[in-house]
Amino acid sequence: MTTNVEVSRNANESSLNLLKRFTRRVQGSGILPRVRSIRYSGRKASEYVKQKHTLKALARKKEVIELIKMGKMSERVGKK
């Protein structure tokens with residue numbers, strides 16, 4: 001849903017008053033809070049990307065288990 005805010009200049013209106021009127025109209029329309037709320041949200045990952053990430057994580061987990069079994073990697077408990 002897009003909302004366009006349009007303000008036209010009146011006959012004897014200064015630029016400052018026009019700007020103030022525009023600012024009030026923008027604040028009243030609720031555009032800024034909506035834009036700020038989605039400012040840093042990213043796209044949702046596609047099913048293919050999720051699957052690829054999961055397969056990569058499983059492969060890494062399998063590799064770590066093998067390294068632990070061979071004694072080339074120590075088993076960590078918790079974060080340090």
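The values are calculated or read from the model by the stated rules, or taken from the named source; none is laboratory data. Remember, it's a predicted structure, so these values are computed and weren't measured experimentally. All Cβ positions, glycine included, derive from the backbone under ideal geometry; neighbour counts span all protein chains shown.
The table for this structure:
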| quantity | calculated |
| --- | --- |
| Subset of the stretch 8-25 (residues that are in a helix (DSSP H, G or I) and exposed (fewer than 10 other Cβ atoms within 10 Å of the Cβ)) | S15, L16 |
| Inter-residue pairs, beta-carbon under 8 Å, first assigned to a helix (DSSP H, G or I) and in the stretch 26-48, second surrounded by fewer than 10 Cβ atoms within 10 Å (Cβ to Cβ), 6+ apart | S29/T3; I31/T3 |
| Flag if T3 is polar (S, T, N, Q), modelled with pLDDT of 85 or more and under 23 Å from the mean Cα position of the chain (by Cα) | no |
| Where a residue in the stretch 55-75 is surrounded by 10 or more Cβ atoms within 10 Å (Cβ to Cβ) and its partner, wherever it lies, is in a helix (DSSP H, G or I), with Cβ under 7 Å and at least six apart | M73/V64; M73/L67 |
| Given (1) part of a loop (DSSP other than H, G, I, E, B); (2) surrounded by fewer than 10 Cβ atoms within 10 Å (Cβ to Cβ), number of the condition V5 does not satisfy | (2) |
| Any pair with Cβ under 6 angstrom, 6 or more apart, that starts in the stretch 2-13 at a residue that is free of Cβ contacts under 8 Å to residues at least 12 places away in the same chain and ends at one that is surrounded by 10 or more Cβ atoms within 10 Å (Cβ to Cβ) | R9/L18 |
| Residue list for the stretch 6-42, restricted to those being over 25 Å from the mean Cα position of the chain (by Cα) and hydrophobic (A, V, I, L, M, F, W, C) | V7, A11, L16, L18, L19, F22 |
